[in-house]
Amino acid sequence: MKVGDTHYRSIWFDAEADRIKIIDQRWLPHEFRVVDIDTLDEFATAIRDMWVRGAPLIGATAAYGIAKEMRRNPSDAALDAAWEQLHETRPTAINLRWALDEMRQVLAPLPEEARAGAAFAEAAKICDADVETNRMIGVHGLEIIRKIAATKKPGQPVNILTHCNAGWLATVDWGTATSPMYHAVEAGIEIQVWVDETRPRNQGAQLTSWEMNRHGIPHHLIVDNAGGHLMQHGQVDMVIVGTDRTTASGDVCNKIGTYLKALAAHDNDVPFYVALPSSTIDWTVNDGVREIPIEERDDREVTHVFGRLEDGSVGSVQISPDGTPGGNPAFDVTPSRLVTGLITERGVAEASREGLLELFPERRSAA
Ligand code: MRU
């Protein structure tokens, strides 16, 4: 998407400089910083410390991490060690393991001298495929918004609530939850987006709001606790969120707080959609609540907030008393029964095993 007049992806290979470039998202919305990452340690740090984040983007970043490492050392041992080091950075988003597995599957059978070239080509393929996948999610999601606009909101904006950032910054481009919104605006459908701030790291406040601003999409930033109230008062026509891991039975694991939004949506008959690339489906998992590992992050993300200080600098402030420990589960699971539909690159599926298998019949034999 565009930043100013320039079209950006969230990660790219600058072939001339032989560098992998990323937008360092820790500084948004206050500063737009593009940085290089080069060593395996830098790739691991960028994912763990959330210079890049969002399930599809961490997969794409890991793919380029493997490619860079293959340049340095294309041995089997180096490939396995890089897979391990990158895999352990964040445990919940399945796209990370998916991208690492794709890379290893392509590279392992090749002779060492062919690996670096093939790795860069495969990482580029993963990125390009992500862009096309997300574009298609937008094409399918647009039809849902179009229908709501025509049947429930003629002449008025469709109010869409979203949680966290499942925007272009969380993917290589377009975003998942935001792709239908960008497509709706392009199609001339009026929308208004309620952006949950998404404590503790505030991806909604800092990233989704920034995206909406850049693209001129009408939006309001709300505190995480406001969603239920707005739904009770008819001010939310639909919810669209992303997911870090979707089970074969249609449960979705997304940023902490998503489950509460789904409960409120269910109680108020508000359609609750989840937008996802199929690389987010973990076909080996059925029961999301019991089987998906939930990342526990540093207490400091709860006890401190990051933003622009009154002196104009960017930094963090402590908001809790000295000595109060924080608890910081980063994701929660929304059971499939609370999900109206799964918007994928192949179409919209019912959130169930059968619904997913109808769209992905090649998985039937494994199911
Ligand atoms: O901790 P984050 O910022 O990586 O979490 C991101 C989310 O939860 C997104 O909603 C999810 O990755 C889907 S992104 C298209």
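The values are calculated or read from the model by the stated rules, or taken from the named source; none is laboratory data. Since the structure is predicted, the reported quantities are computational estimates derived from the model, not experimental observations. As a convention, Cβ positions derive from the backbone with ideal geometry for all residues, glycine included, and neighbour counts pool all protein chains shown. With ligands, DNA and RNA removed, areas are computed over all heavy atoms of the protein, side chains included. Shrake-Rupley method; radii C 1.70, N 1.55, O 1.52, S 1.80 Å.
Put simply, of R135, R115, R104 the only residue that is closer than 19 Å to T243 by Cα, basic (K, R) and in contact (Cβ under 8 Å) with a residue 12 or more places away in the chain is R135. Would you pick out the residues in the stretch 274-288 that are more than 9 Å from the ligand (Cβ to nearest atom) and assigned to a helix (DSSP H, G or I)? S278, S279, G288, listed by residue number.
Of the strands (runs of 3 or more DSSP E) lying entirely inside the stretch 139-225, those carrying at least 2 residues that are over 20 Å from the mean Cα position of the chain (by Cα) and more than 25 Å from K21 (Cβ to Cβ) are 158-162, 191-196. Scoring S352 on the criteria (1) of a type in the set (S, T, N, Q); (2) away from the ligand (no atom under 14 Å from the Cβ); (3) within 22 Å of the chain's Cα centre (by Cα); (4) under 28 Å from W168 (Cβ atoms) leaves a single failure, condition (4). Might you check whether a residue that is buried (at least 24 other Cβ atoms within 10 Å of the Cβ) and in a strand (DSSP E or B) occurs anywhere in the stretch 35-47? Among the residues of the stretch 35-47, at least one is buried (at least 24 other Cβ atoms within 10 Å of the Cβ) and in a strand (DSSP E or B), which makes the answer yes. Put simply, of R97, R104, R115 the only residue that is over 28 Å from P29 (Cα atoms), touching a helix residue (DSSP H, G or I) at 6+ places or on another chain (Cβ under 9 Å) and open to solvent by less than 20 Å² (accessible area, probe 1.4 Å) is R115.
Do you know which of the residues in the stretch 288-307 that are open to solvent by 50 Å² or more (accessible area, probe 1.4 Å) and among the acidic types (D, E) is farthest from the chain's Cα centre (by Cα)?
Going through the stretch 288-307, the residues open to solvent by 50 Å² or more (accessible area, probe 1.4 Å) turn out to be 289-291, 293-294, 296, 298-300, 306.
Now restrict to residues that are among the acidic types (D, E): 291, 296, 298-299.
Numbers: E291: 20, E296: 18, D298: 20, D299: 22 Å.
So, considering only residues that are open to solvent by 50 Å² or more (accessible area, probe 1.4 Å) and among the acidic types (D, E), the one farthest from the chain's Cα centre (by Cα) is D299.
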